[in-house]
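Enquirer: Sharing a structure with you now.
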Amino acid sequence: MSVPGRTSFLEELLRGALRLDLLDPFPAQPEEDRKIGDAVVAEAKEFARQLVDPAELERTGVLPQEAVDRLRESGFVKLQGSPELGGLGLSDLNAFRVVQAVSSWSMPLGLAVAVQNSIGFGPLVRILPDGPLREMLAARVREGLLSGFADTEPAGAANHRRETVAVPTEDGTAYLVSGEKVFSGNAPVADLLGVVATVREDDREIRRLLVVDPQAPGVRRTAVHEFMGIKGVPNGGFTLDRVRVPREHVFVEQPSAHDVRITAQAGGLAVLGRMYLIAAPALAIAKQCLDWSRGFVRRRRIDGVPLAEYEEIQHLVAASLADTFAIEAVSEWSLLCEDAGLNPLFEQAVAKNVTSVLCWGVVDRTMSLFGAEGYETAASKERRGAPPVPLERAFRDARNLRISGGVDFQLDYWLSKLAIFSYHRADALDDGTGAERAAGARTRLHTALSPRNREHLDRLHELLGGFRSRCAELARCHPEDQDLFAREHQLIAVARWATEIMTASLVLARAARRSAEDDAEAQDLADIYCTGALERIDGYARQAGEEYRPDTRRVTERWIEESGHTGLLDDIATGPGQESRRD
């Protein structure tokens, strides 16, 4: 994710420096671009309302064919495409806003739009060099292409190797692809499929992206997946049996300076794509929950006292307001910091976890606030005359966001393994110049913050020192990578420690800018968020310590073997389709 000559706030943080100068000033969307986005967002909201009925989509679990056809014909499947290809040419932030707006009306529809604009072929066309692959894809995008993306296999998404293989034909003009894919976005409605496969050439294996026609001989769509939430989202699986793919339809990286740059750009598109696939829907759900909560506390009274006057209710609502403010801070920074010459990839990579976990906290608190009425379906509420708030639907949809694009704990582990300890292993830590550069910005930020937020900022500086020391200790005590990387729980805690410091810093910087723009709530929201973040960081710091480690391996091995703990299973009842652990 590193880019020569361009740093990022998070990358510097991982190296041990809190570069507040990089946050000063916190970026804002240019007014002209905001107006462009306002117009397209308004169109997208109306388009979504005309296209699907969210309640009907929840009931049937099927995106209507008419909706698929109209989506294919619209510019919303190529938000950032060039006008020559029928695209809208939007900025990153405006594309994010459109996905958020559509997701606010219908999460399945929003995700279908997000797939097209994140991991579809439309974005890939923008970076491909001239040649047969670009010409073919550009023509299909111009016609109204819906594309699917297939990487996950039945064995899971965390394996480095893909069991789907592509073998060159004897004449070298094509590949024969065989394998099985599951959980593939937009696969049931796709006109072309992007398939990640292991390519065997010259006694080596390389993962590559192949463009597959779903109508080609050997392709068989196996199922449309059904989920506990996001009902109607087009997602499915398929098998490939010696499917012939022309060599020119394979995204091949050549060892030239140009293609190395293209490969890096392709990786950047995948990282940016999670902002559309995860962060935008997360913000949509969080804001919906706040809107529903406002209506609920206004109409509900307990023992004659308005619900909003109870301290714990105020605490729940304020925490959700602060978490939503934090989602906005991370999203804005991740999509706008590149305009200041910074590398956005580090922040965009961790934004998936930050925004989805914060969203989950908001929707969970909202469920607690509503009680039984929150757990009740919207249809049931409507039948008895209560406001048909679909909170239970949002609850299920939000849980998907913590899984889609990589399970949260696994992504945290990879951040530690591939990024944090690459600095602490390679002696690439900050040499003190970062602190010097940040000194002036720290003073300016202090001046712009409330007294409590100044205290939070000072505390973040202290915690970064502890973070750096803990990483150094782990690297010193476990000089062999295999030993260090086996300590997964500690490494996950280290990653969460770092991302909490990052998020709190972004929240404080955004609050400083917003308060200067006469946002009366910004400082209070930052205070609420940082108070909770500092408590969480203390917990992660303990988990990252050697003394924290309980012996989870021993009890797990006994449980798997069912020796010594079989009594825990005595009351399990098994039914059709369920396996007994004693079988």
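The values are calculated or read from the model by the stated rules, or taken from the named source; none is laboratory data. Because the structure is predicted, anything quoted here is derived from the model rather than measured. Glycine gets a Cβ as well: all are built from the backbone with ideal geometry, and neighbour counts include every protein chain shown. Heads up: the accessible areas ignore ligands, DNA and RNA and are worked out on the full protein's heavy atoms, side chains in. Shrake-Rupley method; radii C 1.70, N 1.55, O 1.52, S 1.80 Å.
Enquirer: Once each part is reduced to its C-alpha centroid, what is the distance from the range 67-145 to the range 1-55 in angstrom?
Expert: With the range 67-145 and the range 1-55 each reduced to a Cα centre, they are spaced 18 Å.
Enquirer: Follow-up. How big is the range 1-141 by the Kirkwood estimate over distinct Cα pairs, in Å?
Expert: For the range 1-141, the Kirkwood estimate is 17.3 Å.
Enquirer: Please give the length that would be gained between R558 and R536 if that part of the chain were fully extended, namely 0.36 nm times their separation in residues minus their C-alpha to C-alpha distance (nm, one decimal).
Expert: On the way: separation 22, 0.36 × 22 = 7.92 nm, distance 3.13 nm.
Using 0.36 nm per residue and subtracting the Cα-Cα distance, I get 4.8 nm.
Enquirer: Checking the table K35/K352; K35/K78; K35/K231 against a 24 Å threshold on Cα-Cα, which pairs fail?
Expert: Result: K35/K352; K35/K231 exceed 24 Å.
Enquirer: Counting only GluC sites (Glu not before Pro) that sit in a DSSP loop (anything but H, G, I, E, B) with at most 10 other Cβ atoms within 10 Å, what is the longest stretch of the chain containing none of them?
Expert: 171-479
Enquirer: For the range 395-403, in order, what is each residue's ³J(HN,Hα) by Karplus, 6.51 cos²θ - 1.76 cosθ + 1.60 with θ = phi - 60°, in whole Hz (x at glycine and Pro)?
Expert: Result, rounded to whole Hz: 4, 5, 5, 5, 5, 4, 5, 7, 9.
Enquirer: Quick check: pseudo-label points 7 Å beyond the Cα along Cα→Cβ at S422 and R459, how many nm apart are they?
Expert: Placing both labels 7 Å along Cα→Cβ, they lie 3.2 nm apart.
Enquirer: In the chain, with Lys and Arg counted as +1 and Asp and Glu as -1 at Cβ, which of these residues, L71, G273, F251, has the Cα nearest the positive end of the dipole, that is, farthest along it?
Expert: Among L71, G273, F251, the one farthest towards the positive end of the dipole of the chain is L71.
Enquirer: Using 18 Å as the cut-off for backbone N distance, which residues of the range 151-169 belong to the label zone defined by a point 7 Å from the Cα of H225 along Cα→Cβ?
Expert: 151-164
Enquirer: Could you give the alpha-carbon Rg of the range 326-417 over 2.2 N^0.38 Å, rounded to two decimals?
Expert: On the way: Rg = 17.1 Å, N = 92, 2.2 N^0.38 = 12.3 Å.
Dividing the Cα radius of gyration by 2.2 N^0.38 Å gives 1.40.
Enquirer: Under the Karplus relation 6.51 cos²θ - 1.76 cosθ + 1.60, θ = phi - 60°, what is the ordered set of whole-Hz ³J(HN,Hα) values for the range 205-210, x standing for Gly and Pro?
Expert: 10, 9, 7, 9, 9, 10
Enquirer: Something else: Using only the alpha carbon atoms of the range 440-512, find the Kirkwood hydrodynamic radius as the inverse mean reciprocal pair distance, in angstroms to one decimal.
Expert: One decimal place: 13.8 Å for the Kirkwood radius.
Enquirer: For the range 471-564, what are Rg and Dmax over the alpha carbons, in angstrom?
Expert: 19.2, 64
Enquirer: On to the next question. Using only the alpha-carbon atoms, what does the range 264-331 span along each of its principal axes? Please give whole angstrom values in decreasing order.
Expert: 61, 16, 11
Enquirer: Based on alpha-carbon centroids, what's the gap between the range 344-401 and the range 156-209 in Å, whole number please?
Expert: Value for the Cα centre distance between the two parts: 36 Å.
Enquirer: Tell me, what ³J(HN,Hα) does each residue in the range 336-348 have, in order and in whole Hz, if you take phi through Karplus 6.51 cos²θ - 1.76 cosθ + 1.60 with θ = phi - 60° and put x for Gly and Pro?
Expert: Along the range 336-348, the couplings run 10, 5, 5, 5, 8, x, 9, 8, x, 5, 4, 5, 5 Hz.
Enquirer: While we're here: Residues in the range 384-408 near a label at R299, defined as backbone nitrogen under 19 Å from the 7 Å Cα→Cβ point?
Expert: Those under the cut-off are 384-395.
Enquirer: Here is a follow-up. Toward the positive end of the charge dipole of the range 127-258, about the Cα centre and with charges on Cβ (Lys, Arg +1; Asp, Glu -1), which of S184, M228, G156 goes farthest?
Expert: M228
Enquirer: 5 Å is the cut-off here: which amide hydrogens, built 1.01 Å from N in the peptide plane, fall below it relative to L146, excluding neighbours closer than 5 in sequence?
Expert: Amide H neighbours of L146: D191, L192.
Enquirer: Put T324, T552, T7 in order of accessible area, largest first, 1.4 Å probe: what do you get? Walk me through the numbers before you get to the answer.
Expert: Details: T324 5, T552 85, T7 35 Å².
Largest to smallest exposure gives the sequence T552, T7, T324.
Enquirer: Continuing with this model, one more query. What distance in nm lies between label points placed 7 Å from Cα along the C-beta direction at A372 and E32?
Expert: Distance between label points: 5.8 nm.
Enquirer: While we're looking at this one, here's another question. Of C289, V165, V362, which is farthest towards the positive pole of the chain's charge dipole, taken about the Cα centre with +1 and -1 on the beta-carbons of Lys, Arg and Asp, Glu respectively?
Expert: Farthest towards the positive pole: C289.
Enquirer: Here is a follow-up. So for M502, M228, M136, what's the accessible-area order with a 1.4 Å probe, most first?
Expert: Values: M502 0, M228 130, M136 45 Å².
The most accessible residue leads, giving M228, M136, M502.
Enquirer: Right, here's the next one. What is the P(r) of the range 149-217, as percent of Cα-Cα pairs per 5 Å bin from 0?
Expert: Spelled out per bin, shortest first, that is 3, 17, 27, 26, 16, 8, 2, 0.
Enquirer: Would you calculate a helix-derived [θ] at 222 nm for the chain, using -39,500 (n - 2.57) for each DSSP H run of n ≥ 4 and dividing by the full residue count, to the nearest 500?
Expert: Result for the chain: -17500 deg cm²/dmol, rounded to the nearest 500.
Enquirer: Using 0.36 nm times the number of residues separating R437 and S469, minus their current alpha carbon distance, what extension gain do you get? Working shown, then result.
Expert: Details: separation 32, 0.36 × 32 = 11.52 nm, distance 2.11 nm.
Gain in length upon complete extension: 9.4 nm.
Enquirer: Further, regarding this structure: Could you bin all the Cα-Cα distances of the range 3-68 into 5 Å bins starting at 0 and give me the percent of pairs in each, rounded to whole numbers?
Expert: 4, 12, 12, 10, 9, 9, 10, 10, 12, 10, 2
Enquirer: Rounding to the nearest 20 debye, state how big the charge dipole of the chain is about its Cα centre with +1 on each Lys and Arg Cβ and -1 on each Asp and Glu Cβ. Write down the numbers at each step before the final one.
Expert: Numbers: 70 positive and 88 negative charges, 122 e Å.
Value, rounded to 20: 580 debye.
Enquirer: Moving on. Which FRET efficiency, nearest 0.05, do C477 and Y310 yield, Cβ-Cβ r, R0 51 Å? Intermediate values should be presented prior to the final figure.
Expert: Working: r = 49 Å, r/R0 = 0.95.
Once rounded, the FRET efficiency stands at 0.55.
Enquirer: Principal axis extents for the chain, Cα atoms only, whole Å, descending order, please.
Expert: 71, 67, 65
Enquirer: OK, next. How long, wide and thick is the range 140-183, going by the Cα atoms along their three principal axes, in whole angstroms, largest first?
Expert: Result for the range 140-183: principal-axis Cα extents of 35, 33, 14 Å.
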